[in-house]
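This report concerns only the one structure given below.
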Amino acid sequence: MTRRVAYRTCPLCEATCGLELHLEGDDLVLVRGDRDDVFSRGFLCPKGAALPKLEHDPDRLRKPVVRTGRGADATWREVEWDEAFAVIAERLPAVIDAHGRDAVGVYVGNPGAHNLASLVHGRVLLQALGTTNVFTASTVDQMPKQVSAGLMFGAPLSIPVPDVDRTDHLMILGANPYESNGSLCTAPDLPGRLEALRARGGRLVVVDPRRTRTAEHADEHVAIRPGTDALLLFAMVHTLFADGSVDLGPHLGEWVDGVEVVRDLAAPFAPEAVAPACGVDADTIRRLARELAAAPTAAVYGRIGTCTQEFGTLASWLVDVVNVLTGNLDRPGGAMFTLPAAGSSTTGSVPAPGRGVRLGRRTSRVRGAPEAFGEYPAACMAEEITTPGDGQIRAMVTIAGNPVLSTPDGAALDRALAGLDFMVSIDIYRNETTRHADVILPAPPVLTKGHYDLALYQLAIRNVANYSPPVREHAAHEMAEWEIMVRLGAIAMGMGTEPDVDAIDTMITRQLVDKAVTRPGSNVEGRDPEELMEALATRRGPEKALDAMLRTGPYGDGFGADPDGLSLAVLEANPHGVDLGPLVPRVPDILRTPSGRVELAPESIVADVARLQTALARPARDGLVLVGRRDLRSNNSWMHNVEVLVKGKARCTLHLHPDDAAARGVVDGATVRVASASGAVDVPVEITDTVRPGVVSLPHGWGHDGEGVALGVARRYAGVNSNVLTPADALDALSGNAVLNGIAVEVAPA
Ligand SMILES: Nc1nc2c(c(=O)[nH]1)N[C@H]1C(S)=C(S)[C@@H](COP(=O)(O)OP(=O)(O)OC[C@H]3O[C@@H](n4cnc5c(=O)[nH]c(N)nc54)[C@H](O)[C@@H]3O)O[C@H]1N2
Ligand SMILES: Nc1nc2c(c(=O)[nH]1)N[C@H]1C(S)=C(S)[C@@H](COP(=O)(O)OP(=O)(O)OC[C@H]3O[C@@H](n4cnc5c(=O)[nH]c(N)nc54)[C@H](O)[C@@H]3O)O[C@H]1N2
Ligand code: SF4
Ligand SMILES: [Mo]
């Protein structure tokens, strides 16, 4: 059979690597890194290379399935799409009619952020469902950063990224890009870029309770106590003020409000005051601050470890406070804002001020947790399902998510889902979560999807644009994911099972076009929307909307206004991507705060500092705390059914320091019981001094041996669900983000 080659961006993690796909007919047989990719230059990790195995996985759902019976009596039946939608149309609107729209809850998982269909049409599905009970993986992930960025800069995705390729000094807290390949910092081959930073004489400092591979490749590793990053960063701020070395730089100085407030807030957090809590001595803290201030350019970057903890928003905020105070925000080599080609809310030419962000417009029914950007904490899901009363969730829609393994108190959520009146999932597997669904609608294989990283290119360390067309057509039994979403939305709107899919699709793009022609200063301001829609008439689905976004975006062709500008056609002609250059300063244009300035001391954040002070005063607790970890060959909960990635040494083990092991009489390889306030798991132990004493580490996303889980390979490497140990009541107050790291646990021989 003839071989052909196609290019596409890897959809599996945030690194957006270019893949060279080798196909025999429509069959994917080999994946290589695309050496001509403008961003990734041939980089590839084992997950990308395993894409053929994922596409061919016999356990993948190929047709919709409908469940009858529950638990041990459940049976699953493959059905045609018509029948699947008929079942949904019979049961979902019935829940809405009887109990109102809030009786339907939605959970959107991580792959949704890597999926153009979900980013464009998923929003329409949420609108169609019309529920306030929206949950996503964001509140077990980056919500604190979105809150701090929203309050400081005026929009939740105005998140500064470290200018890794040009910086002289990088301080990383709570991220391990040697395993994760980076997050909120889109940078293919981030490890290689860190090595290049050191090779050109730069300095890399890693703050992590574990000596990770990233820490091993750094100039310095600071083994902090979990959950204390806000204290450490505050002490660095304190030092900068005490030294008189605060210098915002001429580029930024006049655009920042609140510097004095921050100075006063930092007063109680002297290095000596925080050192015992952080487990980092005062001299080290002072030196870390001074090195940052002295470096020609520097950036501080915090990720999962700084977000999914008790003071997630404060730590996320302080990361950027330090960037500002050292003069490194918004300048080359510092922490900068991307100018993406499409999909940004801050690339219009209307300058600041803006409306800013408002948080806590509603509170959750059961515990009164505030919403953030339209979502309630994922940690509230189980109680909203099980607590009777008005507004109780009685049906769930899950899209590309596995919250039973990825959100707090997974065991409670598992039980809650089992008691729903109705559940529908869009997924590719019947796993720990989707086994509770009455209907699972299978997303089609990657090869059928067009791909553009609408979300991740907003956080890239270079301005890039790369579109991958579908590699093959849908087979007869496959349905585009955007069409699945449109159909599901139509059913929720009471439009039945035969909606006019193209009319709904066209409406989505029409809304974008209408906005663009009325946006002052846009490259199509005042144009006739009909004319623009005509130019998009040959496109369908997410591509139609994407083309509109690209053409009206900051590099766009403005539908003829700039013949050299970007459009989807230009990206189609450049299969290795288009490099739009290094990051450029964006202050003040990017600012959308009501003041039109950088808010260094937003009110709600200032108010939260009292909570941190209380923590500083509380006596140190003896005993162990649990943190997570990631592995290069794994991807949250869902790539464990690919044998080449899971085989070998067991991955789901508890890392325990030799001193802590000796104190408990635990030997390497023994099974221990790890118990927290919310539950217990039995897991094999790996004794290692890569964790600091007092800290144990267990990866999340495992525990695949449940009843009804149709993952043949993963079942053999089941592991345990670490989120059984995550209490659902521990949240970062401002963002509603779950505290997944720094959990008090006890470990004893099982
Ligand atoms: N303890 C602890 N818990 C954590 C974390 C941690 O560090 N520690 N990390 C958190 C983080 S950062 C995240 S992002 C979350 C992830 O939380 P989730 O998003 O809930 O979990 P995933 O494992 O990413 O599940 C992805 C689901 O999408 C399905 N899927 C894959 N491809 C597609 C597709 O193309 N279409 C559709 N429709 N479905 C698809 C998979 O089968 C799987 O069911 O976990 C969080 N949980
Ligand atoms: N191979 C692989 N790649 C992935 C994923 C995956 O599951 N596997 N998941 C993807 C997703 S959804 C995301 S969000 C990103 C996450 O990307 P990263 O943020 O790089 O995630 P981790 O590798 O979990 O690194 C977090 C680090 O924080 C440390 N840590 C824990 N608690 C604390 C603390 O209190 N303070 C400090 N300073 N550090 C702490 C942990 O020891 C860990 O090394 O990775 C993405 N890429
Ligand atoms: S690093 Fe991420 S984007 Fe790159 S090949 Fe691996 S999984 Fe895909
Ligand atoms: Mo994530």
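The values are calculated or read from the model by the stated rules, or taken from the named source; none is laboratory data. No experiment lies behind these values; they were computed from the predicted model shown. Cβ sites come from the backbone with ideal geometry, for glycine too, and all protein chains shown count toward neighbours. Surface accessibility is based on the protein's heavy atoms, side chains included, excluding ligands, DNA and RNA. Shrake-Rupley method; radii C 1.70, N 1.55, O 1.52, S 1.80 Å.
Here are the numbers for the structure shown:
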quantity: Of His640, Trp702, Ala661, farthest towards positive along the dipole that unit charges on Lys, Arg, Asp, Glu beta carbons give segment 613-750; calculated: His640
quantity: Alpha-carbon gyration tensor eigenvalues x 5, square-rooted, for segment 624-717, Å; calculated: 25, 14, 12
quantity: Selection from Met396, Pro188, Ala620 lying farthest towards where the dipole of the chain points positive, charges on Cβ; calculated: Ala620
quantity: Per residue, in Å², the accessible surface of the chain once ligands and nucleic acids are set aside, probe 1.4 Å; calculated: 35 Å²
quantity: Mean-position separation - Cα centroids, segment 90-111 and segment 141-181, in angstrom; calculated: 34 Å
quantity: Highest to lowest packing among 679-692, 64-77, 308-321, 291-304, scored as the average C-beta count within 10 Å; calculated: 308-321, 291-304, 679-692, 64-77
quantity: Simple label model, 7 Å out from Cα along Cβ direction - Ala750 to Asp247, nm; calculated: 5.7 nm
quantity: Span-like helix ranges in the chain, DSSP H, alpha carbon extent 24 angstrom or more, Kyte mean at least -0.5; calculated: 81-99, 501-518
quantity: In nm, spacing of pseudo-spin labels at Glu90 and Gln613 (7 Å Cα→C-beta vector); calculated: 6.2 nm
quantity: Percent of beta bridges antiparallel (DSSP, the chain, rounded to nearest 5); calculated: 50 percent
quantity: Percentage relative contact order, segment 621-749, counting C-alpha pairs under 8 Å, at least six apart; calculated: 37 percent
quantity: Residue-count net charge about Leu21 - beta-carbon cut-off 12 Å; Lys, Arg +1, Asp, Glu -1; calculated: -1
quantity: Dimensionless Rg over Rh [segment 105-202; C-alpha; Kirkwood]; calculated: 1.06
quantity: For segment 361-457, the spread of Cα positions along each principal axis, largest first, Å; calculated: 44, 31, 22
quantity: Global geometry of segment 462-584, whether rounded, prolate or oblate, following the gyration tensor of its Cα atoms and the 1.5 cut on a/c; calculated: oblate
quantity: Cα coordinate range in segment 149-206, projected on the principal axes (Å, largest first); calculated: 37, 23, 18
quantity: Accessible carbon and sulfur surface of the chain relative to its total accessible area, %, 1.4 Å; calculated: 51 percent
quantity: Cα gyration tensor, segment 531-641 - rounded (a/c under 1.5), prolate or oblate; calculated: oblate
quantity: With 5 Å bins from 0: P(r) over segment 450-510, alpha-carbon pairs, percent; calculated: 4, 14, 17, 18, 18, 14, 10, 4, 2
quantity: Among the listed pairs Lys145/Lys515; Lys145/Lys649; Lys544/Lys647; Lys449/Lys647; Lys449/Lys515, those beyond 31 Å (Cα-Cα); calculated: Lys145/Lys649; Lys544/Lys647
quantity: Pairwise centroid distance, computed over Cα atoms, of segment 348-405 with segment 199-214, Å; calculated: 36 Å
quantity: Expected 222 nm ellipticity per residue - DSSP helices of 4 or more, -39500 (n - 2.57), all of the chain, to 500; calculated: -9000 deg cm²/dmol
quantity: About the Cα centre, charge dipole magnitude for segment 1-56 (Lys/Arg +1, Asp/Glu -1 at Cβ), debye; calculated: 140 debye
quantity: Calculated FRET efficiency for the pair Ala72/Asp264, C-beta based, R₀ 56 Å, to 0.05; calculated: 0.35
quantity: In Å², nearest 10: area of Val404 left accessible to a 1.4 Å probe; calculated: 10 Å²
quantity: Residues in segment 422-455 reached by a label modelled at Val79 [backbone nitrogen below 14 Å; 7 Å Cα→Cβ]; calculated: 422-425, 437-442
quantity: Inter-probe distance in nm under a simple model that places probes 7 Å from Cα toward Cβ, at Asp631 and Arg287; calculated: 3.5 nm
quantity: Ser345/Arg101 FRET efficiency (R0 41 Å; Cβ-Cβ; nearest 0.05); calculated: 0.95
quantity: Cα centroid separation - segment 1-57 against segment 616-651, whole Å; calculated: 27 Å
quantity: Hull-based mean projected area of the chain, where the convex hull spans the alpha carbons, in square nanometres; calculated: 30.1 nm²
quantity: Hull volume in cubic angstrom per residue (convex hull over the Cα atoms of segment 1-56); calculated: 67 Å³
